[in-house]
Amino acid sequence: MTSRLILNLLDMLRLRSGPQEMPPGWTIAASLALAYIAQGFIADQVTGDHDGMPRSLVAISVQLGIVGLLLNLRSYQSRFPQTVSALAGPGFICGLLSLLILTRVDPGKPQPELALLYLFLFGWSLAVDAHIYRHALSVKFGIGALLAVMIFAVNFILLKTLFGT
């Protein structure tokens, strides 16, 4: 079961599977969501950021809230646990990769390769989210991409308003 779950998550990161491949039910969804949220604690400790955890909670809540609402509007409520798993698993993995990049940053010197790597990871994360939204909502990839960018924008504005910088 665990190895199949990991393979499903890796396939989602490669845009080869969708939320429908995740185990149904809330056990895996809640576990992956908690791991995704716990990443905020880890990031706080590693980066010395004092508000990473609350920022993570807000961002994840907004993302899952919007997706839950959209699934409800399209009468796909039963897809919500698998969609949570599909977003939280790859989100956790991308978050760990992001944290790995951030720990390599030296503020005293330019590191364009890290900036480029971080930018690539950000873009790939948006593409993965778009792919998941496409499958969960039964829409075209372009709509999924638009939704991914819009959720990012809503989160960006909300986090800026709540936490400043």
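The values are calculated or read from the model by the stated rules, or taken from the named source; none is laboratory data. All values reported here derive from a predicted model rather than from experimental measurement. Cβ coordinates were reconstructed from backbone atoms using ideal geometry, including for glycine residues, and neighbour counts include every protein chain displayed. Please note that ligands, DNA and RNA were not included when accessible areas were found on the heavy atoms of the full protein model with its side chains. Shrake-Rupley method; radii C 1.70, N 1.55, O 1.52, S 1.80 Å.
Descriptive notes on the structure:
- The residue that is nearest to Gln82 (Cα to Cα), counting only those in region 34-58 that are at pLDDT 85 or above and exposed (fewer than 13 other Cβ atoms within 10 Å of the Cβ), is Leu34.
- Residue satisfying all of: in region 127-147; in a helix (DSSP H, G or I) and β-branched (Val, Ile, Thr); surrounded by the fewest Cβ atoms within 10 Å (Cβ to Cβ) among these: Ile143
- So Ser56, is it of a type in the set (Ser, Thr, Tyr) and more than 15 Å from the chain's Cα centre (by Cα): no
- Residue match in region 86-106 (condition: more than 17 Å from Gly40 (Cα to Cα) and either open to solvent by less than 30 Å² (accessible area, probe 1.4 Å) or assigned to a helix (DSSP H, G or I) (or both)): yes
- Qualifying residue in region 98-115 (condition: at pLDDT below 95 and closer than 22 Å to Met150 by Cα): yes
- Yes/no for Ser31 being open to solvent by less than 40 Å² (accessible area, probe 1.4 Å) and not hydrophobic (A, V, I, L, M, F, W, C): no
- Selected residue (criterion: surrounded by the fewest Cβ atoms within 10 Å (Cβ to Cβ)) from residues of region 70-85 that are under 17 Å from Ala29 (Cα atoms) and not hydroxyl-bearing (Ser, Thr, Tyr): Gln77
- Any hit, region 10-28, residues being at pLDDT 90 or above, under 26 Å from Phe141 (Cα atoms), in a helix (DSSP H, G or I) and among the small types (Gly, Ala, Ser): no
- Residue count for region 11-24, restricted to those that are open to solvent by 30 Å² or more (accessible area, probe 1.4 Å) and in contact (Cβ under 8 Å) with a residue 12 or more places away in the chain: 4
- Hey, Ala115 under 16 Å from Pro19 (Cα atoms), assigned to a helix (DSSP H, G or I) and among the aliphatic types (A, V, I, L, M) or not: no
- Taking the numbered list (1) over 15 Å from the mean Cα position of the chain (by Cα); (2) at pLDDT below 95; (3) open to solvent by 30 Å² or more (accessible area, probe 1.4 Å); (4) within 28 Å of Trp26 (Cα to Cα) in turn, Leu159 passes all entries but (3).
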